[in-house]
1. Would you confirm whether any residue within segment 196-203 is in contact (Cβ under 8 Å) with a residue 24 or more places away in the chain and under 30 Å from ARG110 (Cβ atoms)?
2. State yes or no: is ALA293 crowded, with 22+ Cβ neighbours inside 10 Å, part of a helix (DSSP H, G or I) and among the small types (Gly, Ala, Ser)?
3. Determine whether segment 68-76 contains at least one residue that is among the acidic types (Asp, Glu), surrounded by fewer than 23 Cβ atoms within 10 Å (Cβ to Cβ) and more than 19 Å from the chain's Cα centre (by Cα).
4. Do we have any residue at all in segment 216-225 that's of a type in the set (Ser, Thr, Tyr), surrounded by fewer than 20 Cβ atoms within 10 Å (Cβ to Cβ) and touching a helix residue (DSSP H, G or I) at 6+ places or on another chain (Cβ under 9 Å)?
5. Which members of segment 226-279 meet the condition of being touching a Ser or Thr at 6+ places or on another chain (Cβ under 7 Å) and within 17 Å of ALA31 (Cα to Cα)?
6. Taking the conditions exactly as written (closer than 22 Å to ARG66 by Cβ and part of a helix (DSSP H, G or I)), does GLU178 satisfy them or not?
7. So, in segment 81-133, exactly how many residues are over 20 Å from the mean Cα position of the chain (by Cα) and surrounded by 20 or more Cβ atoms within 10 Å (Cβ to Cβ)?
8. How about segment 12-110: which strands (runs of 3 or more DSSP E) wholly inside it have at least 3 residues that are at pLDDT below 85 and farther than 24 Å from ASP164 by Cβ?
Amino acid sequence: MQEIKDLSDRIQSNVEKVIIGKTLIVQLILAAVFCEGHVLIDDVPGVGKTMLARAISKSLGLSFRRIQFTPDLLPSDILGVNVYNQKTGDFEFKPGPILSQVVLADEINRGTPKTQSSLLECMEEKQISVDGMTWKTPRPFLVIATQNPIEHYGTFPLPEAQVDRFLLRVHLGYPSIEEEKRVILDQKLHHPIDAVTPVVSSDELSTIQTKVKEIHVEESVQNYIVQLVEETRKEERLFLGSSPRGSLALYKVSQAYAGIHGRDYVIPDDVKQVALPVLAHRLIPRGIRTWEASEEILKSILLKLPVPV
């Protein structure tokens, strides 16, 4: 699986020209790309959420569209609309920005529930439906959504059904002092995003997405994944545990994470490393329902669950 590692290293070093000190986050997003999944970046303003999405899309050389979610945004602004052509006497479909390979849904929780729900079909089934007609999304297709967890005015929390469609959820956090100094110096004369160029072709990416599915997962590791998800359903501190979609997501991301590190097999440490970003946002704790509470509960489950050897 050296091919997967070499390609991911190329992309990672390219992205890290812009996003400094976030190696694990970049690797997780690459794992989502290799698994054809979607990513939710949840963090405070100004830490580089939008810039990370742009750096990923430019490195992959894929078509990129940004959708700025606001309360007055309509589903047709995302999906597209049929327009009457007076010359031909027919309706013509004008596709919306969702029919791109990489879609940045910026501040997704500022959109109304009706607008948010317009992403449900394309995120799960890779297609959109408008006026009874269906259009397939381009391949590969990736939605990177961002949201600010500290603002409440003018926001609409994402429903559980939509959150569950994100393969993983990550947060960047603040940089260290040295990293922040480097960010300042790198942007002294120009922004490094302007120098980012594609380092992988669509054919290479498609090949890698196929190879990731071939990475071996030992039966004991499969059992570990299923047992971990089962424990979330038994946990008394959780109102709702993970669905089978969580098990499948954990399986796929573990494969991709192993490939990124040059292995053709998954080890338990791969599962433990990706468990929080893959499962925590799928759990609903009792009492105060925050992702931080879900993460703490999941950490305690990981500590007590026997690891296969």
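1. To start, the set of residues in segment 196-203 that are in contact (Cβ under 8 Å) with a residue 24 or more places away in the chain comprises 196-202.
Filter once more, so that each one left must be under 30 Å from ARG110 (Cβ atoms): 196.
Within segment 196-203, one or more residues are in contact (Cβ under 8 Å) with a residue 24 or more places away in the chain and under 30 Å from ARG110 (Cβ atoms).
2. Working: crowded, with 22+ Cβ neighbours inside 10 Å: no; part of a helix (DSSP H, G or I): yes; among the small types (Gly, Ala, Ser): yes.
It is false that ALA293 is crowded, with 22+ Cβ neighbours inside 10 Å, part of a helix (DSSP H, G or I) and among the small types (Gly, Ala, Ser).
3. At the first step, the residues of segment 68-76 found to be among the acidic types (Asp, Glu) are 72.
From the residues that got through so far, the ones that are surrounded by fewer than 23 Cβ atoms within 10 Å (Cβ to Cβ) too are 72.
If we keep only those that are more than 19 Å from the chain's Cα centre (by Cα) too, we end up with 72.
Checked against the condition, which is being among the acidic types (Asp, Glu), surrounded by fewer than 23 Cβ atoms within 10 Å (Cβ to Cβ) and more than 19 Å from the chain's Cα centre (by Cα), segment 68-76 yields at least one hit.
4. Applying the first criterion (of a type in the set (Ser, Thr, Tyr)) to segment 216-225 yields 220, 224.
Among the residues that remain, those that are also surrounded by fewer than 20 Cβ atoms within 10 Å (Cβ to Cβ) are: 220.
This time we only want the ones that are touching a helix residue (DSSP H, G or I) at 6+ places or on another chain (Cβ under 9 Å), so: 220.
Checked against the condition, which is being of a type in the set (Ser, Thr, Tyr), surrounded by fewer than 20 Cβ atoms within 10 Å (Cβ to Cβ) and touching a helix residue (DSSP H, G or I) at 6+ places or on another chain (Cβ under 9 Å), segment 216-225 yields at least one hit.
5. Within segment 226-279, ILE260, VAL266, ASP270, VAL271, VAL274, LEU279 qualify.
6. Values: closer than 22 Å to ARG66 by Cβ: no; part of a helix (DSSP H, G or I): yes.
For GLU178, the condition - closer than 22 Å to ARG66 by Cβ and part of a helix (DSSP H, G or I) - is not met.
7. 1
8. Numbers: elements: 39-42, 64-68, 80-85, 90-95, 102-106.
Fully inside segment 12-110 and qualifying: 80-85, 90-95.
The values are calculated or read from the model by the stated rules, or taken from the named source; none is laboratory data. If you're wondering where the values come from, they're calculated on a predicted model, not measured in any experiment. Positions of Cβ are backbone-derived with ideal geometry, glycine not excepted, and every protein chain shown enters the neighbour counts.
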